[in-house]
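J.: Would you mind keeping the following structure in view while I ask a few things?
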Amino acid sequence: MSNSLQSLRKQLDDVDQRLIKSLAERQRVVTEIAGLKANPELPLKDGAREREVLARVSRLASARGLDNYFVESLYRRILEHSVRCQAARQTDSNRELVVAYQGVEASYSHTAARSHFSPLPREVHFHGYRSFAAAIDAVIVSEADVAFLPIENSLTGSITETYDLLSRGNLHLIGEEVHRVEHCLLALTPVPLGLIRRIGSHSQALAQCSSFLESLPDCHIEIEEDTASAARLVVESGDLSRGAIASEEAAARYGLHVLKRNVANQKANYTRFVAIAREPKQADPRLPHKTSLLLTTAHEKGALARCLDALAEHGVNLTKLESRPSAQRPWQYLFYLDHEGGLHEKHVELALAELRKHAEAVRILGTYPRSGARSTDEKERITFLRPKTVASTESKTQPATPASTQSRSYRLASRAQRAEDTVIEIDGSHIGGDTPFVVIAGPCSVESREQITSCAHAVADAGGKLLRGGCFKPRTSTYDFQGLGFDGLTMLHETARAYRLAIVTEVLHPADVDAVAREADVLQIGARNMQNFALLKAVGKTQLPVLLKRGLMASIDEWLAAAEYIMAEGNSRVILCERGIRTFETATRNTLDLSAVPVLRERSHLPVIVDPSHAAGRREWVAPLARAARAVGAHGVMIEIHPKPDQALSDGAQSLDLDQFKALAHELASRARGHR
Ligand code: PEP
Ligand code: MN
């Protein structure tokens, strides 16, 4: 190694030492503050103070020439950890804690347990057990203090074994953790995908990645005990052609290489874990709580309904109801209920007193802080607010226009089918109804890592949550740039992930839908494909929201009929995007039909957004059209941006540069606030 490299690395080591020293110092002060927060009058979490800290470090970072987005995201983690530590101190003792989980190190259970227990002020030891029952038994015989087990998955549903174990012994739920599962394909070295011949994982993980695995026809699939064991086997075999589906943490723990991220059929995959102990835990009333109950009802008509009514009457919101057969009494059932609110709350106390009158037996499994209750509240960070428009309320009282053909060509998309506006959730942000005005932005095409990174930075900086970028480009001329394809998609995915943005990207061919859906958060159907019915059906079979652009020559009802194709396949999450239509006018690239917005909002419950970029064709006209879109009641806009518009490989003339975008985003945010 050259001397200069060695000396620079030594400098880095010294800097790291100082950083860790500062973090330890910070942690000491956090702990002192935790002592003051024993006073129940003080809030555990102070949103205004957190925003102040973030703004200050962001300014300091900029002044030192650092990427302020990077520093802010580091600080979000630091603040989140501080709040969790302070909350844990309020109700936790200093004794060592032993946590039992099922599996081996770096399994999803282990990772989730570490994230749940790491803020505790005491030493925590994690022990892996072969089975769920063994982990529970360890708690019963006091070998461990807490068992940490998965109880439900957002794709595969309840984990019934955990429910059945809960009815055993006198155990208590003391916490929950919702953990995002991100399956990756791991291998010993960065070999091309085609060289992998055997892939092992837990049977559930393999099932959740079935469409990716089907795309590797020459590969042998092997079921292993759990995902992390599969990763370990790859290492032990030393076989370069062997792979495992497991988490990124497993890759880090076993020294494996991530060949491909996010290989699951569905992107949003969460597992909820529960912490189970011998004794209940004291509640801190400053945190939002949840309570879990186990009840049996008399074997008579309406018994369960009366129990549920008791909760509803007292305004207690049920979050989960699961029934399991009773082991003792054939054809009798145990009902597991989760509801919002803690036992320390008056309305919960009243509801449970009422419930007891109607149930045969009620056992309180536990009352505990809701998962995420201790993390930064995302809702506090919303920047774009949309004025309430009259369209949605008017439409409910006015008769449909006689010219409308809505009844025959579309039903699911129609207002008659659903009076309420549809609100679509995309990775924690919302579009539609009365939710804040959304700004989607990004380049026409993904061109390079630098270009997409600059755009992602600008979007995140402006408070945006959705990054657009075309990888498969529908170009009028076959000689024009056609997009970077799947390489571009990987770039887009990795960049969006780093900036915590969701991805909107176009899919051109039905055969590509599954592969694009694995990396995107919203699938875009371009104007030229609005009536490509095979493509509409294919995206209708996915679980992702679809952004459906209006065809160049399509009437509003033809457009809604196209939305119906997607919805009829079972996917009701369609966002309509007006992007200009062809008229005799040639001054603009297309004619932006803003009247489509109120018409659509009358005829349909679906969210409507506007793309002023493709309509205008010139960047000078994008801002006024975006303002107009907001004024007529659109739920958002989608805007093309580029760090160097004059060098863009597609649609440069209509792309805003990053400063222009910043100004527009800022204006949309501040003007909207004024209108509220
Ligand atoms: C795009 O959004 O990049 C695009 C190709 O738009 P349209 O389909 O509206 O032309
Ligand atoms: Mn474009």
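The values are calculated or read from the model by the stated rules, or taken from the named source; none is laboratory data. Keep in mind that what you see is a predicted model, and the values were worked out from it rather than measured. Counting neighbours? That spans all protein chains shown, and the Cβs are built from the backbone with ideal geometry, glycine included.
J.: Which condition does I639 not pass, out of (1) among the hydrophobic types (A, V, I, L, M, F, W, C); (2) in contact with a Phe, Trp or Tyr (Cβ under 8 Å, 6 or more places away or on another chain); (3) more than 23 Å from V546 (Cα to Cα), if it passes all the others?
T.: Tallying (1) among the hydrophobic types (A, V, I, L, M, F, W, C); (2) in contact with a Phe, Trp or Tyr (Cβ under 8 Å, 6 or more places away or on another chain); (3) more than 23 Å from V546 (Cα to Cα), I639 fails exactly one: (3).
J.: Please state which one of A563, A527 is within 12 Å of ligand 1 (Cβ to nearest atom), farther than 19 Å from L466 by Cα and in contact with a strand residue (DSSP E or B) (Cβ under 6 Å, 6 or more places away or on another chain).
T.: Step by step, each of A563, A527 is checked, and only A527 is within 12 Å of ligand 1 (Cβ to nearest atom), farther than 19 Å from L466 by Cα and in contact with a strand residue (DSSP E or B) (Cβ under 6 Å, 6 or more places away or on another chain).
J.: Run Q543 past the list (1) surrounded by 23 or more Cβ atoms within 10 Å (Cβ to Cβ); (2) modelled with pLDDT under 95; (3) polar (S, T, N, Q) and report the number of the one that doesn't hold.
T.: The failed condition is (1).
J.: Filtering the range 649-663 down to residues that are touching a Pro at 6+ places or on another chain (Cβ under 7 Å) and in a loop (DSSP other than H, G, I, E, B), which residue is farthest from ligand 1 (Cβ to nearest atom)?
T.: Across the range 649-663, the extreme among qualifying residues is D657.
J.: Return the residue satisfying two criteria in turn: it lies in the range 488-512 and is aliphatic (A, V, I, L, M) and surrounded by fewer than 16 Cβ atoms within 10 Å (Cβ to Cβ), and of such residues it is farthest from P645 (Cα to Cα).
T.: If we take residues in the range 488-512 being aliphatic (A, V, I, L, M) and surrounded by fewer than 16 Cβ atoms within 10 Å (Cβ to Cβ), then A511 is farthest from P645 (Cα to Cα).
J.: Taking T376, is it within 26 Å of K662 (Cα to Cα) and either part of a loop (DSSP other than H, G, I, E, B) or modelled with pLDDT of 95 or more (or both)?
T.: yes
J.: Can you name the condition, by its number, that T588 falls short on among (1) more than 16 Å from ligand 2 (Cβ to nearest atom); (2) over 19 Å from A634 (Cα atoms)?
T.: Going through the list (1) more than 16 Å from ligand 2 (Cβ to nearest atom); (2) over 19 Å from A634 (Cα atoms), T588 breaks only (1).
J.: Looking for something surrounded by 24 or more Cβ atoms within 10 Å (Cβ to Cβ), away from ligand 2 (no atom under 16 Å from the Cβ) and modelled with pLDDT under 95 - is there at least one such residue anywhere in the range 625-632?
T.: There is no residue in the range 625-632 that is surrounded by 24 or more Cβ atoms within 10 Å (Cβ to Cβ), away from ligand 2 (no atom under 16 Å from the Cβ) and modelled with pLDDT under 95.
J.: Give all pairs with beta carbons closer than 6 Å in which a residue from the range 640-658 that is more than 10 Å from ligand 2 (Cβ to nearest atom) meets a residue that is among the acidic types (D, E); count only pairs at least 6 apart in sequence or on separate chains.
T.: Filtered contacts from the range 640-658: P645/D657; L649/E447.
J.: Of the residues that sit in the range 1-56 and are of a type in the set (A, V, I, L, M) and outside any helix (DSSP H, G or I), which one is surrounded by the fewest Cβ atoms within 10 Å (Cβ to Cβ)?
T.: Checked the range 1-56; the qualifying residue surrounded by the fewest Cβ atoms within 10 Å (Cβ to Cβ) is M1.
J.: Let me ask something else. Exactly one of (1) without any contact (Cβ under 8 Å) to a residue 12 or more places away in the chain; (2) touching a Phe, Trp or Tyr at 6+ places or on another chain (Cβ under 7 Å) is unmet by K301. Its number?
T.: Just one mismatch for K301, condition (2).
J.: Of everything in the range 315-334, what is of a type outside the set (V, I, T) and buried (at least 19 other Cβ atoms within 10 Å of the Cβ)? Give them in sequence order.
T.: L334
J.: A follow-up question, please. Would you call S407 outside any loop (DSSP other than H, G, I, E, B), surrounded by fewer than 20 Cβ atoms within 10 Å (Cβ to Cβ) and at pLDDT 95 or above?
T.: Against the criterion (outside any loop (DSSP other than H, G, I, E, B), surrounded by fewer than 20 Cβ atoms within 10 Å (Cβ to Cβ) and at pLDDT 95 or above), S407 does not qualify.
J.: Which condition does I174 not pass, out of (1) in contact with a Ser or Thr (Cβ under 8 Å, 6 or more places away or on another chain); (2) part of a strand (DSSP E or B), if it passes all the others?
T.: (1)
J.: Residues of the range 638-648 being surrounded by fewer than 24 Cβ atoms within 10 Å (Cβ to Cβ) and within 12 Å of ligand 1 (Cβ to nearest atom), which ones?
T.: A648
J.: Return the total of residues in the range 443-487 being among the hydrophobic types (A, V, I, L, M, F, W, C), surrounded by fewer than 24 Cβ atoms within 10 Å (Cβ to Cβ) and not in a helix (DSSP H, G or I).
T.: 4
J.: When you scan the range 444-474, how many residues do you find that are away from ligand 1 (no atom under 16 Å from the Cβ) and of a type in the set (A, V, I, L, M, F, W, C)?
T.: Summing the residues that are away from ligand 1 (no atom under 16 Å from the Cβ) and of a type in the set (A, V, I, L, M, F, W, C) in the range 444-474 gives 4.
This table checks each residue for (1) in contact (Cβ under 8 Å) with a residue 40 or more places away in the chain; (2) more than 16 Å from ligand 1 (Cβ to nearest atom).
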| residue | (1), (2) |
| --- | --- |
| L412 | yes, yes |
| T422 | yes, yes |
| I426 | yes, yes |
| H430 | no, yes |
| G442 | yes, no |
| G488 | yes, no |
| T495 | yes, yes |
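J.: Take the range 310-351 and flag every residue that is over 16 Å from Y368 (Cβ atoms), touching a residue at least 12 places away in the same chain (Cβ under 8 Å) and assigned to a helix (DSSP H, G or I).
T.: Across the range 310-351, the qualifying residues are A310, L311, E313, H347, L350, A351.
J.: Continuing with the same structure: Identify all residues within the range 549-581 that are within 16 Å of ligand 2 (Cβ to nearest atom) and either of a type in the set (K, R) or closer than 15 Å to K537 by Cβ (or both); write none if there are none.
T.: Passing the criteria: K549, R550, R579.
J.: Right, next: Taking the range 270-307 only, how many residues are under 26 Å from L155 (Cβ atoms) and hydrophobic (A, V, I, L, M, F, W, C)?
T.: Matching residues across the range 270-307 total 6.
J.: When you check L294 against the structure, is it over 30 Å from P43 (Cα atoms), touching a residue at least 24 places away in the same chain (Cβ under 8 Å) and not in a strand (DSSP E or B), yes or no?
T.: no
J.: Okay, moving on. Give the residue that is nearest to ligand 2 (Cβ to nearest atom), with candidates limited to residues of the range 440-466 that are β-branched (V, I, T) and within 17 Å of E494 (Cβ to Cβ).
T.: The qualifying residue nearest to ligand 2 (Cβ to nearest atom) is V446.
J.: Among the residues of the range 488-516, how many are part of a helix (DSSP H, G or I), more than 16 Å from ligand 2 (Cβ to nearest atom), within 30 Å of L74 (Cα to Cα) and in contact with a helix residue (DSSP H, G or I) (Cβ under 8 Å, 6 or more places away or on another chain)?
T.: Number of matching residues: 8.
J.: Which one is modelled with the lowest pLDDT, of the residues in the range 134-152 that are surrounded by fewer than 18 Cβ atoms within 10 Å (Cβ to Cβ) and either on the phi < 0 side of the Ramachandran plot or touching a Cys at 6+ places or on another chain (Cβ under 7 Å) (or both)?
T.: Top of the filtered list is V141.
Okay, residues lined up against (1) of a type in the set (D, E, K, R); (2) without any contact (Cβ under 8 Å) to a residue 40 or more places away in the chain; (3) out of contact with any helix residue (DSSP H, G or I) (no Cβ under 6 Å at 6 or more places or on another chain):
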{"residue": "N153", "(1), (2), (3)": "no, no, yes"}
{"residue": "G157", "(1), (2), (3)": "no, yes, yes"}
{"residue": "S167", "(1), (2), (3)": "no, no, yes"}
{"residue": "E177", "(1), (2), (3)": "yes, no, no"}
{"residue": "P192", "(1), (2), (3)": "no, yes, yes"}
{"residue": "R197", "(1), (2), (3)": "yes, no, yes"}
{"residue": "G200", "(1), (2), (3)": "no, no, no"}
{"residue": "S203", "(1), (2), (3)": "no, yes, yes"}
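J.: Additional query: Taking into account only those residues within the range 611-628 that are within 22 Å of A460 (Cα to Cα) and touching a Leu at 6+ places or on another chain (Cβ under 7 Å), which is farthest from ligand 1 (Cβ to nearest atom)?
T.: A623
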